[in-house]
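One structure is given here, and the rest of the page talks about it.
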Amino acid sequence: LRSRSAAYGGVKASLQSLDNQNGNLQTRSLNGIVSKDDLVVSEYLTTLLVVVSSYLQWERSYESFSVFVVPRSSRKLTEDREGAIFAVTLFKRAVCDFKAKALQSKFVVREYSFDVEEKKQLEIVKLSVQKKEQHGILVRWLKVNLTQLFMAWIHLKALRVFVESVLRYGLPVNYQAFLLETDRKRSKKLKEELNSLFVHLDPTASTKDVSYDIPGLCQQDYSSYICFHISTSVLEISEKPDT
């Protein structure tokens, strides 16, 4: 279980780190936000992506960060409640100066390369396939072993019923064990019916004297028959596709 869970968790973590769609504009993936047409890349020109919180301040100041900024080249690519990402075109020789001035004005320049992003997308597709495969392997393994564990658990319950029956009713062994499945609404009524049906086996179970104590047993749970609760809630969890 540990090795299979670790294999699946490792692939899932790698995929989330590459395809982060839930972070803020400074960290989230730009897949689907930036297209090749948004970028101007030539021998002398390049495009920077800048995270902006104040639109008005940005529009008033970005051209002053360097004389090599292309005038009116600012374009908003996306926005959220906290800010927006703008693309701005400038000469490559001014990139370092522009980044320094932008940082002083509390604007964040994001590193971005379309070629690198394409490679990242190929890696995301590859990891998505691996994640699906690892998820299937893990779920199949869990289903098989859950069945085996549940069977072993039922056997242990049966052994406990037998031992408790011998301790309470003594020898010779003349007991009948069975499984009853019910819902929560009818559980209390069923217990009352069973207790009245087998009250002749242990008359003390019908007493209302709460001061009567049996070592190792709670008075409220004591009945004329041996009964152990088996919770099947783990089996009722609906199987949902992994996302």
Residue that is out of contact with any helix residue (DSSP H, G or I) (no Cβ under 8 Å at 6 or more places or on another chain), outside the structural domain of E82 (by TED's automatic domain parsing) and assigned to a helix (DSSP H, G or I), where the choices are L171, L159, L138, L103: L159
For the condition among the hydroxyl-bearing types (S, T, Y), crowded, with 16+ Cβ neighbours inside 10 Å and assigned by TED's automatic domain parsing to the domain that holds Q26, what is the one hit in Y112, Y44, Y55? Y112
If we keep only residues of region 95-109 that are charged (D, E, K, R) and surrounded by fewer than 16 Cβ atoms within 10 Å (Cβ to Cβ), then the residue farthest from F65 (Cα to Cα) is K106
Restricting to region 106-129, name every residue that is at pLDDT below 90 and either in contact with a helix residue (DSSP H, G or I) (Cβ under 7 Å, 6 or more places away or on another chain) or more than 30 Å from L15 (Cα to Cα) (or both). F114, K120, E123, I124, L127, S128
Would you please list the contacts, defined by Cβ atoms under 8 Å and residues six or more apart or on different chains, that run from a residue in region 91-108 that is at positive phi to a residue that is not in a helix (DSSP H, G or I)? K106/S53
Being in the same structural domain as L15 (by TED's automatic domain parsing) and within 30 Å of S17 (Cβ to Cβ) narrows it down to one of V69, V50, V129, so name that one. V50
What's the total number of residues in region 174-195 that are in a loop (DSSP other than H, G, I, E, B) and either small (G, A, S) or exposed (fewer than 11 other Cβ atoms within 10 Å of the Cβ) (or both)? 8
Given the conditions (1) in contact with a Leu (Cβ under 6 Å, 6 or more places away or on another chain); (2) closer than 17 Å to F98 by Cβ, which single one is not true for S14? (2)
Residue list for region 38-63, restricted to those being assigned to a loop (DSSP other than H, G, I, E, B) and among the aliphatic types (A, V, I, L, M): L39, V40, V41
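The values are calculated or read from the model by the stated rules, or taken from the named source; none is laboratory data. Just so it is clear, the structure is predicted and the values come from calculations on it, not from any experiment. Cβ coordinates were reconstructed from backbone atoms using ideal geometry, including for glycine residues, and neighbour counts include every protein chain displayed.
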